[in-house]
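Encoded as structure tokens, the structure appears first; notes follow it.
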Amino acid sequence: MTVSRIIRHPILDFKRGKKSFFYIEDKLIEAYENESVLAALYANGIRIFSQSRILERPRGAFCLIGKCSSCLMEVDGIPNTRICITLAKNVKKVRYQESPASPPRTSFFTAKKPRKISTDVLVIGSGPAGLYAAIYASKYGANVILVDENPTIGGQLIKQTHKFFGSKDLYSGIRGFEIAKKLAEILYHRKNVKFLTNTTVFGLYSGRLAGAYHLRRKQLLKIRAKQIIVATGASERFLVFENNDLPGVIGAGAAQTLMNVYGVKPGEKALMVGAGNVGLIVSYQLIQAGVKVVAIVEAMPRIGGYLVHAAKVRRLGVPIYISHTIKSAHGKEKVEGATIIALDNEFREIPGTEKYLEVDLICLAVGLNPYSQLLSQAGCEMVYVP
């Protein structure tokens with residue numbers, strides 16, 4: 001079995017921490033304390049983490065930010081654990097779970113009563129919006145609690161290795177993961193800011209009360225705040241095509257997480273679906289990580305991202321097919337190939353234009369959906385925009 005950790009990278013230096021080990025069923029897995037359980041399994045060649053409930057088809061990773069259900073496994077006796085945001089440190093046993101999983105026989109909460117916390121401002125989400133909200137609220141004297149379900153703060157910024165455009169006041173010319181460090185550093189020096197990582201806010205209730213769960217401490221929290229700011233970001237859209245559920249079909253952001261956060265190659269040969277800025281930038285980052293990008297397809301009759309990003313990947317020999325889409329993925333238990341097809345002016349497939357590509361990774365960069373469930377649950381008026 002080939003271990004797919006990235007040893008050399010032109011920009012990143014991966015701080016994996018101490019080596020650790022855990023079992024998946026009866027197989028011993030080599031891991032590191034600063035990587036997720038999913039990243040450790042992926043690095044050891046394991047791509048299947050669950051199966052669909054009805055058709056019993058294999059399921060692999062998709063989002064890697066804890067928003068989908070593709071990687072729910074039993075970890076140290078606790079079912080339905082999202083292994084993409086669970087660090088491998090201190091994990092002993094991982095098991096595939098029956099569908100649907102049965103609840104544990106005894107409670108795994110370490111405390112009988114929820115911990116009660118009060119603050120002026122609660123910020124949910126530590127991406128760029130959440131970080132700036134916390135910076136400005138704390139600047140004017142408010143006590144701030146910043147909550148994020150991931151092990152580290154920074155949101156999507158921690159995955160970004162490219163230099164940003166725009167105003168120097170907004171950190172143009174600086175790489176995304178360095179911007180995250182700069183913003184976090186501002187907050188670390190403010191005594192009126194507290195961080196709760198590995199913490200999921202699962203509900204907003206009357207009286208500005210938030211219910212939360214600390215994943216590492218296994219403790220319920222009741223956070224009462226004078227103001228609550230929801231900065232939960234977005235999750236990647238899916239796309240309808242034949243065999244789109246095969247392990248190896250992942251979001252472009254998930255590929256970024258694997259290679260830029262954990263230093264694990266998401267595949268060897270990739271097809272990128274979408275030529276917006278995300279698709280173009282992630283394609284370049286895949287190449288930096290040692291992955292061959294076989295092609296980029298874009299359904300629109302033009303490239304949606306900045307041409308400077310398109311030029312970078314084209315100079316490296318990556319073809320960009322406009323007015324094309326993916327027709328089907330191929331493989332038994334994981335992606336082994338893909339068929340792309342041309343589209344006419346009405347976005348209809350043109351028979352006879354199919355082209356087969358040998359790939360083991362299909363990245364989807366076809367837009368985002370706002371992660372607005374907390375706002376909906378809190379009673380905000382929601383309007384669907386087609």
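The values are calculated or read from the model by the stated rules, or taken from the named source; none is laboratory data. All values reported here derive from a predicted model rather than from experimental measurement. Every residue, glycine as well, gets a Cβ built from its backbone with ideal geometry; the counts of neighbours run over all protein chains shown. Accessible surface areas use protein heavy atoms only, side chains included; no ligands, DNA or RNA. Shrake-Rupley method; radii C 1.70, N 1.55, O 1.52, S 1.80 Å.
A few comments on the model shown:
- Springs between Cα atoms under 10 Å define the GNM used for the chain, and in it the highest mean-square fluctuation of TYR284, TYR356, TYR321 occurs at TYR356.
- Column: log10 I(q)/I(0), Debye, Cα scatterers of region 290-329, q = 0.31, 0.33 Å⁻¹: -1.14, -1.18
- Cα-only Debye scattering, region 152-218: base-10 log of I(q)/I(0) at q = 0.13 Å⁻¹: -0.54
- Region 291-361 - accessible surface per residue (Å², probe 1.4 Å): 57
- Springs between Cα atoms under 10 Å define the GNM used for the chain, and in it the highest mean-square fluctuation of GLU236, GLU336, GLU35 occurs at GLU336.
- Total formal charge among the other residues, if their Cβ is under 12 angstrom from that of ILE65, Lys/Arg +1 and Asp/Glu -1: 0
- Highest-fluctuation residue, LEU157, LEU55, LEU220 considered, GNM on the chain with Cα pairs under 10 Å: LEU55
- Lys, Arg +1 and Asp, Glu -1 on Cβ, resulting dipole of region 49-207 about Cα centre, debye, nearest 20: 300
- Restriction of the trypsin sites (Lys or Arg not before Pro) in region 162-212 to DSSP coil positions whose beta-carbon has at most 10 other beta-carbons within 10 angstrom yields LYS191.
- Taking every DSSP helix (H) stretch of at least 4 residues in the chain, weighting each as -39,500 (n - 2.57) and dividing the sum by the residue count yields a mean residue ellipticity at 222 nm of -4500 deg cm²/dmol.
- Average 1/r across all pairs of distinct alpha carbons in region 214-363, invert it, and you get the Kirkwood radius: 16.8 Å.
- Apportionment of accessible area to carbon and sulfur, the chain, percent (1.4 Å): 52
- At most 14 other Cβ within 10 Å, DSSP loop - GluC sites (Glu not before Pro), region 37-101: GLU56, GLU98
- Distance between the modelled labels on GLN51 and TYR140, one decimal in nanometres: 5.6 nm (7 Å Cα→Cβ projection).
- Relative to the Cα centre, the charge distribution of region 138-205, modelled as +1 at Lys and Arg Cβ and -1 at Asp and Glu Cβ, gives a dipole magnitude of about 240 debye.
- Think of the chain as having a plus end and a minus end, set by charges on the Cβ of Lys, Arg, Asp and Glu; of GLN51, PRO319, GLY337, GLN51 sits farthest toward the positive end of this dipole.
- Based on protein heavy atoms only, region 197-251 ends up with 48 Å² per residue of surface accessible to a 1.4 Å probe.
- The chain - Debye-derived log10 I(q)/I(0), Cα point model, q = 0.09 Å⁻¹: -0.56
- Per residue, the accessible area of region 1-54 comes to 57 Å² when a 1.4 Å probe rolls over the protein heavy atoms.
- Charge dipole (the chain, unit charges on Cβ, about Cα centre) - positive-most of SER206, ALA295, ALA231: SER206
- Surrounding net charge for ALA212, when Lys and Arg each add one and Asp and Glu each subtract one, Cβ distance under 10 Å: +1
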